[in-house]
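Okay, so here's the structure we're looking at.
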Amino acid sequence: MIKKLLRRKSVFIPSPVTMLLSYLVLGAWAFVVLFPIYWLVVTSFKLPIQVNEGPFYLPGVDYQPSLHAWRYIFVDLWRDTVRPYFNTVVVALTSSALALLFGTVAAYGLVRFKYRPRLGAILMFIGCMALAIVTIVKLGVPWQIALIATLILFFLALKTIGRRFKRSLGNNDIAFWLISQRMLPPVAVVLPIYILFQRMHLLDTKTALITTYLAINLPIVVWLMRDYFQSIPIELEECAVIDGASPYRVFRSIVLPLSTPGLVATFLLLLVFTWNEYLLALFLSSAKAQTMPLLVAAQNATRGPQWWYMSVLVLIMIIPVIGMAIALERFIARGLLVGAVKG
């Protein structure tokens, strides 16, 4: 009997004992992962006295459910809730979509085309951008004028001095530079970003948040989609080129449909990062462009840890993301695993 319980039925089917242990471990892990969400749900239907005298976990048994917290958020506090929620949706969706668009094109270019940018031209561009920032911050020049003048100066230098530089970089160097931007913690650049947008009179605007999140999330898209594009056989694109398709037609009609799982998984990952971002939003926004993480923190700071109210705010924050993850689960699983095993 013991040997029968320990014997594997086949290579892909484990023994009954192994399956039982696997289900126990997975069940315990699922409980650890899902219990915080369950705690949020039950706490959102409690009165303050029930939270303070708890813990109570079974609605209708340990306590009588109440809509007090939901009524407060959606009736008494709805004006203060709608604007941050709308800002979060607009900023998260717009920045994630733009980062996915630019990053996907950049990743495909790094995989299928050869680039040899000259090191001197790159250094000149960095120097021109630094000069533009100095003129905006120190001299108070309008950023539109400073940007146009800097671009003109860069092109003039590129056509004259830039031809003398011979050393160049490759695709791997460009990809490493893009990915290395994520190695720098946001706290190290938040003050320069704050001063830059202050001089540009863009503080407390959705434009500042979208631009910042776009720059931060772009390396993630390049990193993930570059590996995904490398897993697509180049022979498919070569056949299309032989049939007369242009590079844009190949990218639009062949590459993008095949890379849908990777695009969906990357977009959802960007959306989660942007949806929950707190530090940059704290410095770049206050009232008009306030997002939901700031609203939750403000409620906690002004009223103390009132868990019944905060549970409702957190639930309405995470429900859209959870819903998207469930709806796109079949794309996410493929998108995250393709390219993970090579060779």
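Every number in this text was worked out from the coordinates using simple rules, so none of it is lab data. Quick caveat, the model's predicted, so the values are computed rather than measured. FYI the Cβ positions are ideal-geometry reconstructions off the backbone, even for glycines, and counts take in every protein chain you see.
Between residue 97 and residue 58, what is the spin-label point distance in nm, taking each point 7 Å from the Cα along the Cα→C-beta axis?
4.8 nm
Which peptide among 97-103, 63-69 comes first, and what is the full order, when sorted by highest mean count of other Cβ atoms within 10 Å? Mind showing how you got there, number by number?
Numbers: 97-103: 19.1, 63-69: 16.1.
So the peptides 97-103, 63-69, ranked by packing, come out 97-103, 63-69.
Report the full-extension gain for the segment residue 187 to residue 276: residue separation times 0.36 nm, less the Cα-Cα distance, to one decimal in nm. Mind showing how you got there, number by number?
Details: separation 89, 0.36 × 89 = 32.04 nm, distance 1.58 nm.
Computed gain between residue 187 and residue 276 is 30.5 nm.
Quickly work out the residue 113-to-residue 242 label distance, labels modelled 7 Å from Cα along the C-beta direction, and quote it in nm with one decimal.
2.4 nm
Starting from the Cα gyration tensor of the chain, take the square roots of the eigenvalues, sort them a ≥ b ≥ c, and report rounded, prolate or oblate (rounded when a/c is under 1.5, otherwise prolate if a/b is larger than b/c, else oblate).
Working: a/c = 2.71, a/b = 1.26, b/c = 2.15.
Since a/c reaches 1.5 but b/c is at least a/b, the shape of the chain is classed as oblate.
Which shape class applies to the range 93-179: rounded if a/c is under 1.5, otherwise prolate when a/b exceeds b/c and oblate if not, where a ≥ b ≥ c are the square roots of the Cα gyration tensor eigenvalues?
Numbers: a/c = 2.58, a/b = 1.20, b/c = 2.14.
Oblate, since a/c reaches 1.5 and b/c is not below a/b.
What do you get for the angle between helix 206-230 and the principal long axis of the chain? Use alpha-carbon atoms, 0 to 90 degrees, nearest ten.
90 degrees
Let's test the formula: R0 of 35 Å, r as the Cβ-Cβ distance of residue 67 and residue 105. What FRET efficiency results, to the nearest 0.05?
Calculated value: 0.15.
For the ranges 119-125, 40-46, 162-168, 216-222, what's the packing order if you count other beta-carbon atoms within 10 Å of each residue, average per peptide, and put the highest first?
Working: 119-125: 16.1, 40-46: 20.3, 162-168: 11.6, 216-222: 23.3.
Descending packing order for the listed peptides: 216-222, 40-46, 119-125, 162-168.
What is the angle, in °, between the Cα long axis of helix 78-112 and the longest principal axis of the Cα atoms in the chain? Nearest 10 is fine, range 0 to 90.
50 degrees
Calculate for the chain the 222 nm mean residue ellipticity that helices alone would give, adding -39,500 (n - 2.57) per DSSP H run of length 4 or more and normalising by residue count, nearest 500 deg cm²/dmol. It would help to have the intermediate numbers written out before the result.
Working: 17 runs with 237 residues, N = 343.
That comes out to -22500 deg cm²/dmol.
Among 171, 276, 52, whose mean-square fluctuation peaks in a Gaussian network model of the chain (Cα, cutoff 10 Å)?
Top of the fluctuation ranking is 52.
Express in nm, to one decimal, how much length is gained between residue 22 and residue 79 on full extension, taking 0.36 nm for each residue of separation and deducting their alpha carbon distance.
15.7 nm
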